[in-house]
Amino acid sequence: MVQPSLCFLGGLLGLLVMAPVLTASTPASLCTPLKTLNDSLSHRRRYMKHNFPINYSIRVYRQEIFKLSNISRMRLKVEGLDELVLQRLWFQVNQGVLKKIIRVLPERHPSRSYTAELERRFRDAEGVFVQAHPAEVFQQELPEKIQDVWDQLTEESDRVPESSWRLASPKSLVDSLRQTMFCLFRDCFTSEDTPQDRESK
């Protein structure tokens, strides 16, 4: 299994006591679509780096640059934060990320079909995630800090202040998607699946 400490990589330097890693289990039905998604992500270097100009970047919301350090900070700042809430946020964040990448790709771009397939597999996993939990779960009020992030993610782009935009490469965004997936859905993966592979470079 992926070591829980993986979730804290990139966290606050010098922190002596890490926030406890929540042990909420991932529904077994979700593992198959997540592993299928991970299979697609293994080709991300070719399609998200080699097919783009050097230093190519796209505009995303600040909250869409969602890394392991973000998860660590949320766990430190939100007392009793439910793992399920972070998983919901992960789906919301990366749904927007994948749509933004697709939006900038011309129809004949060599990475467009790959990215569209990645987005379909992501939606498949999201569908299973929703079905695996009672409807009431998604009607519960989110913690204030998480709700603030959620609201900013769902804000109409023309209403987002310039200071809330960031530039990021498609490769770095998809790398973060994969790394945080291993953290938040660690029950589905073994140590051999960890994101420390050549594709992360």
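FYI, it's all coordinate maths here, none of it is from the lab. The shown structure was predicted, so the numbers you read here are calculated from the model rather than taken from an experiment. Here the Cβ is made from the backbone with ideal geometry for all residues, glycine too, and neighbour counts use every protein chain on show.
Observations, loosely collected:
- Label-point separation, A135 to T154 (7 Å along Cα→Cβ), nm: 1.7
- Across the stretch 26-200, Cα-Cα distances exceeding 19 Å account for 58% of all pairs.
- Ordering 102-110, 134-142, 173-181 by mean Cβ neighbour count within 10 Å, with the highest value first, yields 173-181, 102-110, 134-142.
- Mean Cβ count within 10 Å, highest first, over the residues of peptides 35-46, 53-64: 35-46, 53-64
- Across all Cα pairs in the stretch 36-94, the calculated P(r) in 10 Å bins from zero up to the longest distance comes to 16, 38, 32, 13, 1 percent per bin.
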